[in-house]
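What follows is a single structure, written as structure tokens, with notes after it.
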Amino acid sequence: MPSYVISDIHGEYDKFNELLDIIGFGSEDTLYVLGDILDRGPHPIKTVLKLMEMPNAVCIVGNHEVMALTCLRLLVREITENSLSDLDEYMLENMMTWQYNGSSTTINEFKRLDPEQREAVLEFLEDLPLYEEVTAGGKKYLLVHAGLGNYSPEKELGRYTLNEMVWFRADYSTDYFPDVITVTGHTPTRFIEGNPEPDRIYRKNNHIAIDCGACLPSGRLAALCLDTGEEFYTKD
Ligand SMILES: [Mn+2]
């Protein structure tokens with residue numbers, strides 16, 4: 001009954017299924033998904049719907065879910081005087097940021113859902129936790145999408161803001177905790193400075209970075225087994 005962790009699926013539904021097959025993922029296993037299920041790749045909502053049906057999947061929020069929620073809530077409302085007045089500078093900026101970050105595949109699939117499915121998806125996204133603490137294989141892990149922004153050793157986990165956990169990139173040069181391994185996505189490992197092995201899982205200073213760029217050219221979706229440390233990858 002091992003636990004696996006993956007991140008940044010970004011709508012790559014086929015790679016997600018391929019990876020589950022490669023792992024041999026079973027109904028007794030646990031899958032942690034470190035956010036950014038949505039946007040960019042072809043089937044973000046199809047991937048969310050599948051995860052909603054998996055009782056042994058635990059999803060954590062990423063910045064793409066945060067961007068989507070803000071905008072989708074507004075988009076599903078009928079246009080009323082009130083909703084139009086909500087479309088202020090702040091909302092317009094949110095929409096533009098989201099579009100810049102690959103929202104179109106999410107919107108295209110979302111608009112094909114019936115109203116009940118839309119509501120179920122929005123509630124699922126709204127309920128995603130910010131982080132998870134897991135013990136597996138005798139090791140303690142902190143699972144969080146991006147990192148611990150404005151990190152300080154004295155700062156308790158509950159004091160980090162949403163933005164500090166979903167947007168701020170992890171500082172791989174800083175060992176956050178002596179006895180806890182921090183596992184993050186968000187930053188494709190090919191973009192980590194000084195990383196000799198792009199598109200492979202990166203380990204340094206009690207950090208493990210697992211975003212191997214599934215939605216990027218020649219990128220891969222990766223999984224890490226928390227119990228054994230074993231790594232799994234989709235084909236290039
Ligand atoms: Mn991200």
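The values are calculated or read from the model by the stated rules, or taken from the named source; none is laboratory data. Model, not experiment: these values are computed from the prediction. Ideal geometry is used to build each Cβ from the backbone, glycine not excepted, and the neighbour counts take in all protein chains shown. Note: areas computed on protein heavy atoms with side chains; ligands, DNA, RNA excluded. Shrake-Rupley method; radii C 1.70, N 1.55, O 1.52, S 1.80 Å.
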When only DSSP loop residues count, what trypsin sites (Lys or Arg not before Pro) in the stretch 4-100 have their Cβ near at most 12 other Cβ atoms within 10 Å? 77
By DSSP, what percent of the beta bridges with both residues in the chain are antiparallel, rounded to the nearest 5? 50
Is it possible to state the helix-based mean residue ellipticity at 222 nm for the chain, with each DSSP H run of 4+ residues giving -39500 (n - 2.57), the sum divided by total residues, to the nearest 500 deg cm²/dmol? What is it? -9500 deg cm²/dmol
Carbon/sulfur accessible area of the stretch 119-236, % of total, 1.4 Å probe, equals 48
Among residues other than residue 200 whose Cβ falls under 15 Å from its Cβ, what is the net charge (Lys/Arg +1, Asp/Glu -1)? -2
What list of ³J(HN,Hα) couplings, whole Hz, do you get for the stretch 16-25 from phi and the Karplus terms 6.51, -1.76, 1.60, once you set θ to phi - 60° and write x for glycine and proline? 4, 5, 4, 5, 4, 5, 4, 5, x, 4
Excluding residue 30 itself, calculate the net charge of residues whose Cβ lies under 12 Å from the Cβ of residue 30, where each Lys or Arg counts +1 and each Asp or Glu counts -1. -4
Taking the Cα centre of each part, how many Å lie between the stretch 182-226 and the stretch 69-93? 35
Amide H within-cut-off set for residue 3, under 5 Å, with H built and near neighbours excluded: 30, 226, 227
Rounded to the angstrom and largest first, Cα extents along the principal axes for the chain equal 55, 40, 31
Which residue fluctuates most in the GNM of the chain (Cα springs below 10 Å): 69, 84, 162? 84
Pop out the ³J(HN,Hα) list for the stretch 90-98 in order, Karplus 6.51 cos²θ - 1.76 cosθ + 1.60 with θ = phi - 60°, rounded to Hz; leave Gly and Pro as x. 4, 5, 4, 5, 4, 5, 5, 4, 5
Where only C-alpha atoms are counted, convex hull volume of the stretch 120-217 per residue in Å³: 127
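Taking the Cβ of residue 187 as the center, what net charge do the other residues with Cβ under 12 Å away carry, scoring Lys and Arg +1 and Asp and Glu -1?
On the way: positive: 169, 190; negative: 8, 36, 171, 193, 211.
Cβ neighbours under 12 Å give a net charge of -3.
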